[in-house]
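These notes concern the structure reproduced below.
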Amino acid sequence: MNNPTSLIYPIVNVIVTALFAGVVLRQYLQRHRVYQLYWSIALTMAFVATLAYVCMVVVGPTSAAGVALFRLYYVLGAALMAAWLGLGSLALVTKPNIARLCLIVLSLLSVLAIVLIATAKVDMKALSQVAGKAGADVLESGAWLPTLIVLNSLGLLAVAGVAVYSGWKLYRRQSSMSGFRTSNLLWANVLILIGASLIGAAGSLARLGLQNTFWLIMAFGWCVFFVGVLLASRRTVSADSASQQASRRTARA
């Protein structure tokens with residue numbers, strides 16, 4: 001590893017995605033909402049992918065372990081993470097049977113993406129220079145590329161679409177919800193939308209050749225996304241507290 005500073009922003013991503021995954025997983029274990037499960041899976045993928053990237057740079061990208069770690073990073077981070085985030089967003093606003101159908105389709109596409117990326121040819125020269133970059137030019141073009149584009153496009157479209165839909169509904173209400181101002185939840189959806197857009201833009205710009213800013217944009221996007229989810233979760237906590245207080249009053253009566 002010739003330039004340790006190239007790992008600064010990837011390490012920031014490791015820390016943020018680890019915290020993010022831990023918070024959402026804890027929420028799922030407490031409330032057992034299926035969308036939280038899907039988001040936990042996606043965020044764990046992001047954490048493992050970024051950790052694999054850091055480990056790849058440390059052990060040497062062109063070593064046997066480095067190639068395997070790059071494929072793991074690319075499968076989880078570049079191909080699957082956004083789609084599973086989108087599945088979580090869809091599960092938040094759709095009926096359970098529709099969410100289950102999306103889960104089946106996504107599972108099949110995920111297996112296809114794993115197989116295609118695992119068997120794609122690697123440009124070793126590009127891999128040797130991957131430190132600090134996204135690695136968009138490492139795998140030689142093949143069937144994995146359109147599969148990746150479809151998964152990422154649908155995933156980010158789902159996250160952004162649900163954020164816009166939820167924000168529009170809240171904007172039209174402009175009232176108090178269980179002791180939580182809708183303006184705060186509206187801002188949460190705005191931050192989620194901005195964060196998801198930044199994460200998507202980082203990958204798109206990397207594929208267009210702007211790879212040196214990839215990890216910086218990703219770190220900023222994850223931070224904004226995380227703040228949005230934390231702000232949104234305050235409403236759930238407030239609603240749960242109000243429900244518990246109402247139950248106590250009813251019991252006393």
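Helices in the chain, meaning DSSP H runs of at least 4 residues, each add -39500 (n - 2.57). Divided by all residues, the mean residue ellipticity at 222 nm is -27000 deg cm²/dmol. Only one residue of LEU85, GLY142, LEU127 has its Cα farthest out toward the positive end of the dipole of segment 14-161, where Lys and Arg carry +1 and Asp and Glu -1 on Cβ, and that residue is LEU85.
Projecting label points 7 angstrom from Cα along Cα→Cβ for VAL58 and LEU19 puts them 2.0 nm apart. Stokes-Einstein, applied to the Kirkwood radius of the chain over Cα pairs at a viscosity of 1.002 mPa s and 20 °C, places its translational diffusion at 112 µm² s⁻¹.
The simple spin-label model puts a point 7 Å past each Cα toward its Cβ; for VAL34 and LEU230 those points are separated by 3.0 nm.
Quick one: helix 214-252 against the long Cα principal axis of the chain, what's the angle to the nearest 10°, folded into 0 to 90? Computed tilt is about 20 degrees. Against the main long axis of the alpha-carbon atoms of the chain, helix 81-93 sits at an angle near 20°. Seen against the Cα atoms of the chain and their longest principal axis, helix 96-119 is set at about 10 degrees.
No value in this document is a laboratory result; all are computed from the given coordinates. In this text the structure is predicted, and so the values were computed from the model without any measurement. Note that we place each Cβ from the backbone using ideal geometry, even for glycine, and neighbour counts take in every protein chain shown.
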